[in-house]
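The values are calculated or read from the model by the stated rules, or taken from the named source; none is laboratory data. In this text, all values refer to a predicted model and were calculated from it rather than measured experimentally. Here Cβ is always computed from backbone atoms with ideal geometry, including for glycine, and neighbour counts include all displayed protein chains. Note: accessible area is taken over every heavy atom of the protein model, side chains too, but ligands, DNA and RNA are not part of it. Shrake-Rupley method; radii C 1.70, N 1.55, O 1.52, S 1.80 Å.
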Amino acid sequence: FIDTFGDSSLSCLLIYGAVSFIALKDKRATGNTRKNPDKIKVNHANKLSFISCKDLIYIQTERPYVALVTESKTYLHSSTLKRFKEDYLNEEFIQIHKSTIINTAFIASFKPRKNGDYELIMANGDSLKVSRNFNTYFTASL
């Protein structure tokens, strides 16, 4: 094969193939996944629903799901907290605990605790703990 086409043809074929492979890989990686969409698709009571990210008060781990808490309902979504944060959330959301992300627009009040934690009261009345590991993110967002 090399004798028929020569070394330069084989080199061109290898380079073209490698470039095509890299371009295809990059296209797949950035292709159809849309980051930070406005609506989240959830199944609730055997019915497909869409909820707005703006309506989320907080997101909490409920293994193997994440619980999406709104004013009216709590939905389960099949995702991890890290993946959900990457795919859907914007700068209004901060992580306050290894298992909790909040929407800062729904903080009603907060108070420091003696051990360096904070206690948050959300607009729906739920009380959440800001852990010491994440309180720097919380205090920076105030």
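Quick notes on this structure:
- Taken per residue, the accessible surface of the range 34-133 reaches 62 Å², heavy atoms only and a 1.4 Å probe.
- Normalised radius of gyration (Cα atoms, divided by 2.2 N^0.38 Å) for the range 74-124: 1.27.
- Computing FRET efficiency as 1/(1 + (r/R0)^6) for residue 54 and residue 114, where r is the C-beta to C-beta distance and R0 is 41 Å, gives about 0.75.
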